[in-house]
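The structure appears right after this line, and notes come after that.
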Amino acid sequence: MVDFKPKTDVRKVQLTGGATYTISLPKKWVIMHDVQPRDPIQMEWRPSGDLRISPLGEGRHLRRKVVLDMEKVPSAGLLDYLIAAYLTGAGRIHIDHPKGLTRGDKRVVRDFLRRTRGFGIVDEDDENTDLICLLDAAEMPLNATLNRMYLLVSSLIRDGASALIGGDMTLIDDHEDREREIDALRLLIDRQVGLVLDSTAIGSEMHISRRQSSEIAWMGRALERMGDHADALAMLLTDTKERPNFNEEDIPLRQLMVWQKSMKTLMINQRTQNPSEINEAMADLRLAIGTLVSHEEGLWDGNRMVVPVLFEYRLSEIVRRLCAYARDFAEAVLNLIVHLSVVDDLAQ
């Protein structure tokens, strides 16, 4: 396996021919990247003053391989190890099992393949199982993955809101499938971000900086948490036999529409980058959260039946948490816009 520990080397600048400044490349780095004489080397001059040097050409990306020894990895932790290998950016995962895989272990491997994107089994026998990733990181842009997550979350919220006011309950029958896909996309974002952070070349191919990728990772986590609460809304609806009646003017539904409008604005502003619209969305979300807190406190006044009150309280809490995570999302969008403006100014 390749050692990915960061290394620092100090080299002196040499003056060649009276006009050319040169610096020698570390031999270990040259061997690791299979750099040959006359091979092109890409040099990226960063606004901070850093100079990044990377091999140029096809096949230059390091293909990471993770080996899992089942004599050391407990069966109960196999899924966690597989997910960890996936997030490190491994292109190949080799499972060494001299005594064979149990039926439970095989189920875990299948579960891993369902939870992730791009991996498949390419070789399997009594003692070894090889998984390989067929998805190139640059083929699935981070923004496209983020947008797919948003569409899944917003559609589940929309269908849940429709069911609340008497719509078709079958629209949320697949809520578990949608929630699993949201989780899988968040794992994909974390994997892609890890690759960008480790490889300047991959970041260049994806046309994204390390700071941008970090903010998108935070947006992905916020969307995943919103997906969890969208799934909780669907479960609340399906598990409650006698639900109270709601209409679009009731406080939880009105604030849910605030969430929908704000999230749509925030997704658009990743491209349009209008800070005033982002601030307006953040203010609307803050007001919605305050309204819901007051609403929840007032639910316990009076002589209403316990079950309807509990249902409405849980509904209000779900919407409030959706708005809170949307504010976190908005902060990441704003951070991204400010970062891009700073980079552009430094580059001038």
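The values are calculated or read from the model by the stated rules, or taken from the named source; none is laboratory data. Keep in mind it's a predicted model, so treat the numbers as computed, not measured. Cβ sites come from the backbone with ideal geometry, for glycine too, and all protein chains shown count toward neighbours.
Tally up the residues in the range 225-278 that are touching a Ser or Thr at 6+ places or on another chain (Cβ under 8 Å), surrounded by 15 or more Cβ atoms within 10 Å (Cβ to Cβ), of a type outside the set (A, V, I, L, M) and in contact (Cβ under 8 Å) with a residue 60 or more places away in the chain, please.
Total satisfying the criteria: 3.
Out of all the residues in the range 280-298, is one or more among the hydroxyl-bearing types (Ser, Thr, Tyr) and either within 22 Å of Ala163 (Cα to Cα) or not assigned by TED's automatic domain parsing to the domain that holds Gly220 (or both)? Full working, then the answer.
So the first thing to find is which residues in the range 280-298 are among the hydroxyl-bearing types (Ser, Thr, Tyr), and the list is 291, 294.
Filter again for either within 22 Å of Ala163 (Cα to Cα) or not assigned by TED's automatic domain parsing to the domain that holds Gly220 (or both), leaving none.
No: zero hits.
Starting from residues that are exposed (fewer than 13 other Cβ atoms within 10 Å of the Cβ) and of a type in the set (Val, Ile, Thr), keep the ones in the range 21-40 and report whichever is nearest to Arg64 (Cα to Cα). Step through it out loud before you land on a result.
The first filter runs over the range 21-40 and keeps only residues exposed (fewer than 13 other Cβ atoms within 10 Å of the Cβ), leaving 21-24, 26-28, 31, 34, 36-38, 40.
This time we only want the ones that are of a type in the set (Val, Ile, Thr), so: 22-23, 31.
Numbers: Thr22: 32, Ile23: 29, Ile31: 16 Å.
Per the stated criteria, the residue is Ile31.
In the range 286-297, is there at least one residue being closer than 23 Å to Ile216 by Cβ, basic (Lys, Arg) and assigned to a helix (DSSP H, G or I)?
Step one: filter the range 286-297 for residues closer than 23 Å to Ile216 by Cβ, giving none.
No, there is no match, as no residue in the range 286-297 is closer than 23 Å to Ile216 by Cβ, basic (Lys, Arg) and assigned to a helix (DSSP H, G or I).
Being loosely packed, with under 14 Cβ neighbours inside 10 Å and small (Gly, Ala, Ser) is the requirement here; does Gly91 meet it?
On the way: loosely packed, with under 14 Cβ neighbours inside 10 Å: no; small (Gly, Ala, Ser): yes.
No, not satisfied.
Restricting to the range 41-77, name every residue that is exposed (fewer than 14 other Cβ atoms within 10 Å of the Cβ), part of a strand (DSSP E or B), modelled with pLDDT under 85 and not aliphatic (A, V, I, L, M).
Residues satisfying the conditions are Glu44, Trp45, Arg52.
Given the conditions (1) closer than 19 Å to Ala217 by Cα; (2) in a helix (DSSP H, G or I), and given that Leu156 satisfies all but one, which numbered condition is not satisfied?
Every listed condition holds for Leu156 apart from (1).
Can you confirm whether the range 156-176 contains a residue that is of a type outside the set (Asp, Glu) and within 18 Å of the chain's Cα centre (by Cα)? Working first, answer last.
Initial filter on the range 156-176 (of a type outside the set (Asp, Glu)): 156-158, 160-167, 169-172, 175.
Among the residues that remain, those that are also within 18 Å of the chain's Cα centre (by Cα) are: none.
Checking the range 156-176: not a single residue is of a type outside the set (Asp, Glu) and within 18 Å of the chain's Cα centre (by Cα).
Tell me yes or no: at least one residue of the range 152-167 is within 26 Å of Leu195 (Cα to Cα), crowded, with 18+ Cβ neighbours inside 10 Å and modelled with pLDDT of 95 or more.
First, the residues of the range 152-167 that are within 26 Å of Leu195 (Cα to Cα): 152-153.
Subset that is crowded, with 18+ Cβ neighbours inside 10 Å: 152-153.
Keeping just the survivors that are modelled with pLDDT of 95 or more gives 152-153.
Yes, the range 152-167 contains at least one residue that is within 26 Å of Leu195 (Cα to Cα), crowded, with 18+ Cβ neighbours inside 10 Å and modelled with pLDDT of 95 or more.
Suppose the filter is of a type outside the set (Gly, Ala, Ser), in contact with a Lys or Arg (Cβ under 6 Å, 6 or more places away or on another chain), touching a residue at least 24 places away in the same chain (Cβ under 8 Å) and more than 30 Å from Lys65 (Cβ to Cβ); does Leu188 pass it? Explain how you work it out, then say what you get.
Details: of a type outside the set (Gly, Ala, Ser): yes; in contact with a Lys or Arg (Cβ under 6 Å, 6 or more places away or on another chain): yes; touching a residue at least 24 places away in the same chain (Cβ under 8 Å): yes; more than 30 Å from Lys65 (Cβ to Cβ): no.
So Leu188 does not fit the description; no.
Hey, among Arg271, Arg304, Arg254, which residue is basic (Lys, Arg) and under 23 Å from the mean Cα position of the chain (by Cα)? Break it down into steps so the answer makes sense when it comes.
Values: Arg304 fails: under 23 Å from the mean Cα position of the chain (by Cα); Arg254 fails: under 23 Å from the mean Cα position of the chain (by Cα).
After ruling out the rest, the residue left standing is Arg271.
Specify the residue that is surrounded by the fewest Cβ atoms within 10 Å (Cβ to Cβ); the eligible residues are those in the range 288-311 that are of a type in the set (A, V, I, L, M, F, W, C) and without any contact (Cβ under 8 Å) to a residue 24 or more places away in the chain. Can you show your working first?
First, pick out the residues of the range 288-311 that are of a type in the set (A, V, I, L, M, F, W, C): 288-289, 292-293, 299-300, 305-307, 309-311.
Those still in the list that are without any contact (Cβ under 8 Å) to a residue 24 or more places away in the chain too: 299-300, 305-306, 309-310.
On the way: Leu299: 15, Trp300: 9, Met305: 10, Val306: 7, Val309: 15, Leu310: 12.
Across the range 288-311, the extreme among qualifying residues is Val306.
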